[in-house]
Amino acid sequence: MFGEISERQATDTAPGILTIDLGALVANYRALQQRAAPARVAGVVKADAYGLGALRVAPALHAAGCRDFFVVQLSEALALKPALGADARVYVLSGLQPGAERACAEAGIVPVLNSLDQIDDWSRLARTQGAELPALLQFDTGMSRFGLSPEEAEALAADPARLAGVRVLYLMSHLACADEPGHAQNADQLAAMQRVAAAFPGVALSFANSGGIFLGNDYHGALARPGIALYGGALTGGTANPMTPVVRLDVRVIQTRTVPAGARVGYGATHVTAGETRLATIAAGYADGLPRSLSDRGAAYLGDVRLPIAGRVSMDSLTLDVTALPPGTLRGGSLVELIGPHQTLEALAADAGTISYEILTGLGTRYHRVYR
Ligand SMILES: *Cc1c(COP(=O)(O)O)cnc(C)c1O
């Protein structure tokens, strides 16, 4: 999109720079593939690949051998499909809104059918067209969110004509607690998935998300569906993160100042300086995915030096206490690290009282993006 020089200019002057390491993404894909083998590994690229850009992320995964891609909405699938080779399968997790069946079939997109109504609609279209239409069937194994209940699954298994014209590629379910390996619900859901598999013999399973891949071979099924692990997110709270970081976020200083003791900082005057304080206001706020819950809690870094957020996060900026740095270290145009080697995505999310998924998907569109 940019020539080389203007790309550099854009990077040099951008208020914030989001660096997305596609090499690390591919390394994570390969590591997950190794772990899940012989299962295939899909790429979950919903919500614009967790905010990182599905049109950059999915082709990079495709080049690394990934052929299965999950999004949530049909519109996401329609935008993604042309960017991938004809050998890529794109699945829509939320299935089909009534009336969307024809557009889905025409685009060659595979729905995840979550209810008997969705199954009936897809089967009707297949019979009308006199063609087989592919689908995944989702089952509720304990999350009470999507999929057929155990009773509906039983009814469907007893009445296979209901699936006339539907070629079921995978039986699918989703784990609620895969990020807590010790949680008893994991084994409960596995047992429920195995009951579904027994009711539909010979059909492959798709079960594990990122965390599920690390719960053991029983959970892998034939097609694993990692999202967050591809993007470098940690799988569980307690243990070291085995994935390679993909995201780095640096934000520029707009202005610095030195204030005396008793100065009030930011909206609501919630922060009052205890002594003479050096402050730096930086060019990202809650509209850029740095939640307001980071007010007086989070920090940025310059090298190893922690620079606490002083006062409330504004829409487009926040103010850092940079007293720990020698005077003059930061000035207009300096970059500080929000996500990177000194502050992980998880650390920032924890300070904000949320999870890595919500930080990534909230980063917004105002950062200058550099794909490596
Ligand atoms: C989002 C999602 C995934 C990916 O989950 P991660 O925890 O990011 O690996 C897999 N399956 C379904 C059904 C999802 O909604």
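Things to note:
- Some residue of the stretch 92-100 being farther than 22 Å from Y371 by Cβ, within 19 Å of the chain's Cα centre (by Cα) and either polar (S, T, N, Q) or surrounded by fewer than 23 Cβ atoms within 10 Å (Cβ to Cβ) (or both): yes
- Identity of the residue in the stretch 183-224, assigned to a loop (DSSP other than H, G, I, E, B), over 10 Å from A36 (Cα atoms) and within 16 Å of the ligand (Cβ to nearest atom), that ends up most open to solvent (accessible area, probe 1.4 Å): H183
- Between G232, G142, G227, the distinction of being touching a Gly at 6+ places or on another chain (Cβ under 9 Å), within 16 Å of the ligand (Cβ to nearest atom) and of a type in the set (G, A, S) belongs to G227 only.
- Entirely in the stretch 1-94, the helices (runs of 4 or more DSSP H) that have 2 or more residues that are at pLDDT 95 or above: 22-36, 46-50, 54-63, 74-80
- Search result, residues across the stretch 38-58 that are more than 8 Å from the chain's Cα centre (by Cα) and near the ligand (Cβ under 10 Å from one of its atoms): A42, G43
- Pick from the stretch 282-305, criterion more than 21 Å from the chain's Cα centre (by Cα) and among the acidic types (D, E), ranking: most open to solvent (accessible area, probe 1.4 Å): D304
- The set of residues in the stretch 184-229 that are in contact with a Cys (Cβ under 9 Å, 6 or more places away or on another chain) and among the aliphatic types (A, V, I, L, M) contains only A184.
- Looking only at residues of the stretch 143-161 that are open to solvent by 40 Å² or more (accessible area, probe 1.4 Å) and touching an Asp or Glu at 6+ places or on another chain (Cβ under 8 Å), we find that the one that is farthest from V92 (Cα to Cα) is P150.
The values are calculated or read from the model by the stated rules, or taken from the named source; none is laboratory data. Bear in mind the structure is a predicted one, so any value in this text is a computation, not a measurement. Quick reminder, even Gly has a Cβ in these numbers, built from the backbone with ideal geometry, and neighbours come from all protein chains shown. Remember, those area values only see protein heavy atoms, side chains included, never the ligands or the DNA or RNA. Shrake-Rupley method; radii C 1.70, N 1.55, O 1.52, S 1.80 Å.
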